[in-house]
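Values in this text are rule-based calculations from the coordinates and carry no lab data. Computed from a prediction, not measured in an experiment: that's the story for all the values here. Every residue, glycine as well, gets a Cβ built from its backbone with ideal geometry; the counts of neighbours run over all protein chains shown.
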Amino acid sequence: MLDVVWLGGNIASMEAGAGPWGAIRDAALGVRDGRVAWIGPRAALPAPPGSMAREVRDFAGQWITPGLIDCHTHLVYGGDRAHEFEMRLQGASYEEIARAGGGIVSTVKATRASDEGSLLASAMRRLAALTAEGVVAVEIKSGYGLDVETELKQLRVARRLGDEAGVTVRTTFLGAHALPAEFAGRADDYIDFVCTDSMPAAVEAELPDAVDAFCESIAFSPAQTERVFRRAAELGLAVKLHADQLSDLGGAALAARHGALSADHLEYTGEAGAKAMAAAGTVAVLLPGAFYTLRETKLPPIDLFRRHGVPIAIATDSNPGSSPATSILMMLNMACTLFRMTPEEALAGATRNAAMALGMQATHGTLAEGKAADFCLWDIADPAELSYRIGFNPLSTVVRAGNPT
Ligand code: DI6
Ligand code: FE
């Protein structure tokens, strides 16, 4: 006996190899104990719906998709960088802004000075904007503390966000995000600190699900990144990497060599990086919000990823500097309009491939028997509308574990 069966609309299951969108028209979806127990054409139901389930719900000609997943965010932070935005519009460079106390360092100051309650309250508002557009799972990084106390504070807040908002949260330790003032000019010493102090402390407190780093000329070198990755492996954590965002330092290939769940940004990744990612099963997470905000001109190599079969995910990179965005639907639109992805690739980027980027593909990312019954009902005539519209939210219902929220 099923708990509920949903009838009367179309399903974009996003299952790979099941045709465009994994579409099932005039579909039925049965739920038992929070999982998908049956999915297929209504005409193929083995018995009348009312005899199969305690409850029958009509989704009235709408489309059902898997719940959306935002697989790359920096949601927890203090303060904001609106003034810096004004400075940039007046022509100030990243360096001038940094010298004026702006950039990541200014957010580090504000985050260290914020208590857990205020960090939770401000992040909760950003998370609410994401869930209002159908996000059911989100990855949240640290990286604005850069000392033990504040890195752990950020990760505790990230865990609380999931508990209090009823959203699935994956946390990522990003101690190697930037060089804190107290280690100015001593990047290797700071990496020592990350490997011997802050990362182990976070693991001891059972706070991170993965480890990330910023491998870039303005952040940490490939050699310093390798040290962080080796320590993460010793501590039993998966890795991800902010890679090749502003230059090709071989970050994507480095991430692949360490079996990274994902390599992210990737505007400057070359063919060697794409091949290495394909061989390692590393997901390419593209961040159109940062590309747009920083007015980047170098597009990520979409055709290389397609040619080599690298799964492409799309995320907001929600952060106060390079991507102050909290709209996953806007990211789908930008993925198509700026990166020339197809609407189906874009939706796969916020469902199936986003789940892979978080190691959650066994339970999330597509609608198939045994997977979590976390799905969205959309008042649309075509799933392409989710990428097509700008600033319009056609979400009608989010269903978590089979129950409408
Ligand atoms: N890449 C980015 O674009 C952000 N972090 C990173 O590693 C920038 C974060 C910020 O500006 O606060
Ligand atoms: Fe980021």
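Applying a threshold of 6 Å to beta carbon distances and a minimum spacing of six or more residues, or different chains, the list of pairs starting in segment 243-255 at a residue that is under 19 Å from R231 (Cα atoms) and ending at one that is surrounded by 24 or more Cβ atoms within 10 Å (Cβ to Cβ) and β-branched (V, I, T) reads A252/T269; A255/T282. Scanning segment 363-377 for residues that are among the hydrophobic types (A, V, I, L, M, F, W, C) and surrounded by fewer than 21 Cβ atoms within 10 Å (Cβ to Cβ) turns up at least one hit. Scanning segment 187-223 for residues that are among the polar types (S, T, N, Q) and surrounded by fewer than 20 Cβ atoms within 10 Å (Cβ to Cβ) gives T196, S217, S221.
T107 fulfils the conditions (1) within 16 Å of ligand 1 (Cβ to nearest atom); (2) assigned to a strand (DSSP E or B) except for a single criterion, (2).
The numbered conditions (1) outside any loop (DSSP other than H, G, I, E, B); (2) more than 20 Å from the chain's Cα centre (by Cα); (3) within 14 Å of ligand 2 (Cβ to nearest atom) are all true for A263 except (2). Pairs are defined by a Cβ separation below 6 Å, a sequence spacing of at least 6 or placement on different chains, a first member in segment 44-55 that is touching a residue at least 12 places away in the same chain (Cβ under 8 Å) and under 20 Å from G402 (Cα atoms), and a second member that is of a type in the set (G, A, S) and surrounded by 10 or more Cβ atoms within 10 Å (Cβ to Cβ); the pairs so defined are L45/A28. Under the condition of being in a loop (DSSP other than H, G, I, E, B), more than 13 Å from ligand 1 (Cβ to nearest atom) and crowded, with 20+ Cβ neighbours inside 10 Å, the residues counted in segment 69-104 number 1. Residue-level check: of (1) more than 22 Å from E271 (Cα to Cα); (2) without any contact (Cβ under 8 Å) to a residue 12 or more places away in the chain; (3) among the charged types (D, E, K, R), D374 misses just (2). Only helices (runs of 4 or more DSSP H) whose full extent lies in segment 123-242 are considered here, and the ones with at least 2 residues that are within 16 Å of ligand 2 (Cβ to nearest atom) and over 30 Å from T405 (Cα atoms) are 222-234.
Working only within segment 379-397, note down all residues that are within 22 Å of the chain's Cα centre (by Cα) and either under 17 Å from M14 (Cα atoms) or of a type in the set (S, T, Y) (or both). Hits for segment 379-397 are P383, A384, E385, L386, S387, Y388, T397.
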